[in-house]
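Taken together, the values in this text are just the output of simple stated rules run on the coordinates, not laboratory data. This one's a predicted model, so the numbers in the text were calculated from it and none came from an experiment. Counting neighbours? That spans all protein chains shown, and the Cβs are built from the backbone with ideal geometry, glycine included.
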Amino acid sequence: MPPPPQHPGAIPGYGLTPPGEPQARDALRRVFGADRGDGCWDQACRAVGLRSGHVLARPQFETAVRALAGQGGPAATIARSLEIRLRTYDRLAAHAAAAHAGGQA
Amino acid sequence: MSRPDPLYDAGRLAEIADLDLLSDDVDPILRDVAARAASALGLPVSLVSVVLDEALHVAAAHGIDGLWLADTRGHPVEWSFCATSVRTRAPFVVENAETHPDHAANPLVTQDGVRCYAGVPLVSSRGHVLGNLCVVGLEERAFSGEDVALLRELADEAVRRIEARRQG
């Protein structure tokens, strides 16, 4: 299976883009409110040696999301949501890339 | 004042985590419930879904082998038919998704061919709607009251199984 694109755009037909730090913060704020939500994300970043607000690379984001899952409770559920959205993006992007490559062959 | 969206209710999301519903492990009893739902209603796909805040997680399923959903074990919540029942606490039936105002533009319909859906909520003993037991088909289909009643019975069985985790 081809790897996901390095600079992801929306997947044709699905309109899906992968989540990143802004989406994680928004999700936490929706559930916990701004202060507590930001606190959860800050804690997750600190736990894995990352600087909140500067989690830009995909591998870093995934690491922070795993740390968020470790907080348990609603934070773990939110982390799972983010993981599913990442996984869905990767799977559909790979399929789109393969279909595009097949069309060019 | 509008009512808060239950998808984002911290208590509901906490219970989902407490009931160990986030795992990729598939409970064979829940898988059996999904299989029986699909068989009883004569449809190819059935899911025991857990509706999170921004995604749907497939706790168990029948008929998704070979589909991308089998790899992802979920999808974005904005594509979810099941999320409606979390908000309404009621069964949700779509007989023709291509003409349904909420789902005609849903990628699951436009890209993946979903045409009919019937789902009933999974309500915990604490009163939270965790997700749905649903059946999905690739052709238009009418659903009777008996169909929904049967899904309700199977959903009750699924909830009993899920609740048993709390005591385990």
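If you average the C-alpha positions of the range B:26-75 and of the range A:7-52 separately, how far apart do those two centres end up, in angstrom? When both Cα centres are located, 27 Å separates them. Quick one: grab the alpha carbon gyration tensor of chain B, order the square roots of its eigenvalues as a ≥ b ≥ c, and give me rounded if a/c is under 1.5, else prolate or oblate depending on whether a/b is larger than b/c. Judged from the Cα gyration tensor, chain B comes out rounded (a/c under 1.5).
Sorted into 10 angstrom bins from 0, the C-alpha pair distances of the range B:23-88 split as 22, 53, 25, 0 percent. For chain B, modelled as a GNM whose springs connect Cα atoms under 10 angstrom apart, the maximal fluctuation among B:Ser85, B:Ser49, B:Ser125 occurs at B:Ser125.
How shielded is B:146-159 by partner chains, expressed as the average number of their Cβ atoms within 10 Å of its Cβ atoms?
Values: counts 0, 0, 0, 0, 0, 0, 0, 0, 0, 0, 0, 0, 0, 0.
Shielding by partners across B:146-159 averages 0.
In a fully extended conformation the segment linking B:Ala164 and B:Arg31 would gain 46.3 nm over its present Cα-Cα distance, using 0.36 nm per residue. Look at the stretch A:28-40: the mean tally of other chain Cβ atoms within 10 Å of its residues' Cβ atoms is 2. Reported to the nearest whole Å, the Cα centre-to-centre distance from the range B:146-168 to the range B:79-111 is 22.
Taking the helices alone, chain A has a mean residue ellipticity at 222 nm of -22500 deg cm²/dmol, built from -39,500 (n - 2.57) per DSSP H run of at least 4 residues and averaged over all its residues.
Quick check on the protein assembly as shown: take the gyration tensor over C-alpha atoms, sort the square-rooted eigenvalues as a ≥ b ≥ c, and tell me if it's rounded (a/c under 1.5), prolate or oblate. Can you show the working numbers first?
Working: a/c = 1.81, a/b = 1.20, b/c = 1.51.
Judged from the Cα gyration tensor, the protein assembly as shown comes out oblate (a/c at least 1.5, b/c at or above a/b).
Across peptide B:11-21, the average count of Cβ atoms from other chains found within 10 Å of a residue's Cβ is 4. Shape class of the range A:22-88 from the Cα gyration tensor (axes a ≥ b ≥ c, square roots of the eigenvalues): rounded, since a/c falls below 1.5.
Within the shell defined by Cβ-Cβ distances under 13 Å, the residues around A:Glu21 carry a net charge of 0, with Lys and Arg each +1 and Asp and Glu each -1.
Just flag the trypsin sites (Lys or Arg not before Pro) in the range B:1-38 sitting in loop per DSSP whose Cβ has no more than 16 other Cβ atoms within 10 Å. List each step's numbers first, then the result.
On the way: sites: B:Arg12, B:Arg31, B:Arg36; in loops: none.
Filter output for the range B:1-38: empty list.
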